Every structure is written in C-alpha cells, then in structure tokens.
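Comments concern the structure below.
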Amino acid sequence: MRRRTYLRTMALGMTGFAGCTDVPGSSNRTTTTKKEPGVRVETVAMNLEVPWGAAFAPNGDLYFTERPGRVRRIRKNKDKDEIIADLTKTVASVGEGGLLGLVFHPNNANLAYTYQTVKVNGELQNRIIRYRVDGGFERDKIILAGIPAASHHDGGRLLIHDDALFVTTGDAENGKQAQNKDSLAGKVLRLTLDGKPHPDNPFDNEVFTYGHRNPEGLAFNDGTLFSTEHGPDKNDEINVLEAGNNYGWPAVTGKSKKKKYTNPIATYTPTIAPGGAVFYDGPISQWNGDFFFGALAGKHLHRVRLNGQTVVEQERLLVNEYGRLRTTFTGPNGHLYVTTSNRDGRSKSPAPQDDRILKFKPA
C-alpha cells in the first residue's frame, strides 16, 4: 500500500515573533509559549504532489486537488486515497498555476467547482469549471473564463457563503491590472453559483474587492470575510474584505495613510507567504474562534486570536516541523487539517513522505 495513515503524538512547538508583525490599531500581544499540550498530529495522506484545494463532501469523503491536475478522494473511514479524475492533459501546470481551488455546491453534492489554469490559443488563462462528481468529474459547465494568468500570482482560492461563490485572483504579474475594476486580475470576485456577477456587487460586474496582489486565503467569521495575501518582499497581509473597497496594490503594501485604501489588520515582514485560511470551531477548546493559515515561506502553521477585527495575539505552530504549509481547512467534527507544499519547486529538501495532509486532534 503506497499510502497509509499513522499517528504521531507531539507537543506543538511555538515561537513568538515580536517585531515581525505590524498590526494597525492593535496591542498585538505576542505570546512566547513553547508547548501546546493535548494536541496530536495525524497524517491522513502522504506521497502527494502539491495538494492545493480540499473539501469534504456531505457524506464525509475528502476530495482534494493536486496542482499538476489530479483530483483525489479519501473515503470516509478509509486509510488511502485514490485518483478519481486525471485532468493533467487539460490543466496547464505552469509555475504557480495548475489545478487549484476546490469547493462543493452547497445544495447539490454531485456538483463541485475547481479553479484551474489552462492554455487557450497558446496563452495562459484561469478558469472556474463546475464538474459532476458522480460522473468521474465530467465537466458540467465553465462558470467563468478569461481570468488573467501567469507563471506567478494566480490566486486560486474558492469559497461559498450564502449561496455566493467567492474567488481570489492574482495580478498575473501585472500590478496595474489590480487597480482596473474592469479586469478580473488582482481581485476577489463574487459570483452566483451559476457564474453570473452577484447582483449585490458594487461595480455591476464580477468584482467584489480590488487592489490585491496575490490573495490565497478566504474565511468567513460571523458574517465578516477575512483574507490572506502575499506581499512582495514585505507586508504579507490579513485583510477584512468589504464590497467595493480598494486594498492598495500596487500603489501601497501594508498600512497607508491614504483614505482611499483599506488597511490590513495585520502585516508580516519578513514575508511568510500565507496560504489558505480558516476559523476553528472544534474539539481543541483553546483554539476555538481562532484564525489559522499555513505559511509557505515561513514553514509553520499560523494561529491568530481576534477580538472582532482586531488582532490581539499570534503564535507560530509546527515551526520547521513539516516545511511549507499551504491550505488549512476543517472537516467533520470540526477537526483542523493542513496540507504541505514541499514538492512545489520551492523546497530544497522535501521529506520522503511529502507532500502530506495533516489532521489535528485532541491527544
């Protein structure tokens, strides 16, 4: 058996990082806790190739994408994964592009959405495509085409909330596109589940917010949408997204005194490359209500405690334990999961088990 499940019980090492974080309007309490008792890490899949998007079906099966173009599934209560769709011949896995975000239709478990990079007439573009799950991931329809793509800054995160599909797009290596409200690049988009511009959007098109460089995380909490975003050589960001707001790229990164730009609630210098994000509400009581995201360059799992929209405390977990961490998500019973991204060309020394999906449970 190429893949197996194993348990590893460990105390999660954490380090404080005073001086690395700029949190506008916050006291930014930084802990120096060294151990996190009562938590164990379980590896639920290994020997993967850049797992990117992940979602649980209503029946408890876990589906996830691999960036080169494969969709895999782990059946509920099973200990190995299986390829259910090979899209490598149609997906353009170039640089940071490929088969990225994945999310299920909220009212039809047989429909799933993916965000993927393709070549059209020799040119890269990103698309959102809906598939019929029971048909071996046969394509149902193209939800949105023509999203600018490049080797870097492709966005790719999908999130459904209140029957709206939210999508992160990168600037496709052209920062000016982020300020153009008629461009789909450097944005967070909001669509209906059939791919039309949401009727409540601010600019009568697909655009929800603009001025983004490369956002890779989206998470709702009490009706408020939070995002994580990659900065250039400084100022990775956590943002609170509000319809019609301008988040500054490429004119500014981090905090600005100009009122036309919306300031982040936290920034990170040196950059840590924040990935997918999620709010925790599970069996590890000390984590409830906290905001988690994987850090690629930072090689850790990042935990943020908030008071409303104000950051009050932060911790780094699993520092250098599993390398580059990309996507965080939650599953049945509220358990937290994270994917590694050590075979994406950025890690100098992937472990023999990489890439992996990890699960956090009470010890």
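The values are calculated or read from the model by the stated rules, or taken from the named source; none is laboratory data. Note that the structure is a prediction, hence the values are computed from the model and not measured. Using ideal geometry, Cβ is built from the backbone for each residue, glycine included, and neighbour counts are taken over all protein chains shown. The area values use the complete protein model at the heavy-atom level, side chains included, leaving out ligands, DNA and RNA. Shrake-Rupley method; radii C 1.70, N 1.55, O 1.52, S 1.80 Å.
Results, tabulated for the structure shown:
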read-out: Anchor residue 348: lysines whose Cα lies under 19 Å away (excluding residues fewer than 8 positions away in-chain); value: 299
read-out: Rounded FRET efficiency, nearest 0.05, which uses the C-beta distance separating residue 260 from residue 161 and R0 of 35 Å; value: 0.85
read-out: Relative contact order (%) - criterion: Cα under 8 Å, at least six apart; region: the chain; value: 16 percent
read-out: Accessible area of the chain belonging to carbon and sulfur atoms, whole % at 1.4 Å probe; value: 43 percent
read-out: Over segment 80-230, relative contact order from alpha-carbon pairs under 8 Å, at least 6 apart, %; value: 16 percent
read-out: Choice from 93, 183, 285 with maximal GNM fluctuation in the chain (Cα, 10 Å cutoff); value: 285
read-out: Across 141/176; 141/187; 76/187; 187/258; 89/141, pairs whose alpha-carbon gap is larger than 25 Å; value: 141/176; 76/187
read-out: Calculated FRET efficiency for the pair residue 204/residue 321, C-beta based, R₀ 41 Å, to 0.05; value: 0.30
read-out: Segment residue 151-residue 110, extension gain: residue separation times 0.36 nm, minus the distance between their alpha carbons; value: 11.6 nm
read-out: Added length on full extension, which subtracts the Cα-Cα distance from 0.36 nm per residue, residue 182 to residue 75; value: 34.3 nm
read-out: Percentage relative contact order, segment 245-363, counting C-alpha pairs under 8 Å, at least six apart; value: 18 percent
read-out: Set of aspartates and glutamates near residue 259 by C-alpha distance (under 16 Å), chain-local residues within fewer than 8 positions excluded; value: 242
read-out: Listed values (1) 32, 61, 7; (2) 23, 47, 29, 1; (3) 17, 24, 20, 16, 11, 7, 3, 2, 1, 0, entry calculated as P(r) over Cα pairs in 20 Å bins from 0, in percent; value: (1)
read-out: Net +/- balance of residues flanking residue 349 in space, Cβ distance below 12 Å, scoring K and R +1, D and E -1; value: +4
